[in-house]
Amino acid sequence: MSPGPRIRVAGLVVNGGRVLLVRQEKEGRAYWLLPGGGVEEGEELVDALRRELAEECGWEPSAITGPVALVETIPPPEAPGGRHILHMIFAVEVEPGALERLESVDEAVLGHALVDQGSLAEIDLRPPIHDYLRAYRSGDPFVALGRMWVA
């Protein structure tokens with residue numbers, strides 16, 4: 001029996017038209033995602049996001065708003081090892097200069113990038129929320145993006 005959906009919190013940091021992403025690799029294939037990670041049992045979503053941002057980026061956010069979006073990744077039956085994940089995305093503000101000093105203590109994070117919102121289509125993004133990130137503006141209302149999957 002499946003353990004059920006995993007909850008993942010993610011921080012959406014937009015600075016000067018650029019989105020902060022972290023690089024990870026699975027089975028020799030690199031991909032990018034919003035910084036964040038799994039919520040531990042008994043942990044509040046915002047507390048989990050603060051912990052994950054400290055681990056993956058090395059700083060404390062100055063403000064967290066939201067959630068601003070929800071997306072589900074549900075693997076098709078033929079996808080071995082896939083897991084149903086609920087991605088709760090929050091808007092994150094950081095102090096000036098924080099994005100120049102990104103450090104990770106999380107071994108899964110292989111790098112950071114600030115990617116122009118208009119250039120997102122060129123990267124392997126998980127989940128594939130390119131269109132949402134390209135159009136996102138601070139203050140946008142909450143949106144449920146539905147089911148998305150990338151093998």
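Using Cβ counts within 10 Å as a stand-in for footprinting exposure, how do T73, T65 rank, fewest first?
T65, T73
Just flag the trypsin sites (Lys or Arg not before Pro) in the stretch 23-67 sitting in loop per DSSP whose Cβ has no more than 11 other Cβ atoms within 10 Å.
Those that pass, being in a loop and sparsely packed, number zero.
How big is D for the stretch 8-95, in µm² s⁻¹ as a whole number, if Stokes-Einstein is applied with the Kirkwood radius of its Cα pairs at 10 °C and 1.306 mPa s?
114 µm²/s
Obtain the nm distance between the two label points defined at H130 and R101 by a simple spin-label model: each point lies 7 Å from its Cα along the Cα-to-C-beta direction.
3.5 nm
Roughly how many debye, to the nearest 20, is the charge dipole of the chain about its Cα centre, given +1 on each Lys and Arg Cβ, -1 on each Asp and Glu Cβ, and no other charges?
Around 480 debye, computed over the chain.
Between D140 and D47, what length comes free when the chain is fully extended (0.36 nm per residue of separation minus the Cα-Cα distance, one decimal in nm)?
Roughly 31.2 nm would be gained on extension.
Which GluC sites (Glu not before Pro) from the stretch 47-151 combine a DSSP loop assignment with at most 15 other Cβ atoms within 10 Å?
Counting only loop positions with at most 15 other Cβ atoms within 10 Å, the GluC sites (Glu not before Pro) in the stretch 47-151 are E78, E103, E107.
Between the alpha-carbon centers of the stretch 72-151 and the stretch 9-26, tell me the distance in whole angstrom.
Rounded to whole Å, the Cα centres lie 6 Å apart.
Relative to the present Cα-Cα distance, how much length would full extension add between I74 and A113 at 0.36 nm per residue of separation?
Once the chain is fully extended between I74 and A113, it gains 11.4 nm.
For M148, M88, which order do you get if you count the other beta carbons within 10 Å of each Cβ and list the fewest first?
M148, M88
Limiting things to C-alpha atoms, what are the Rg and the maximum Cα-Cα separation (Dmax) for the chain, in angstroms?
Rg, Dmax (Cα atoms, Å): 14.7, 47.
Bear in mind these aren't lab numbers, they're just calculated from the coordinates by the rules spelled out. The structure displayed is predicted, hence computed values, not measured ones. With ideal geometry, Cβ positions are generated from the backbone for all residues, glycine too; neighbour counts draw on all protein chains shown.
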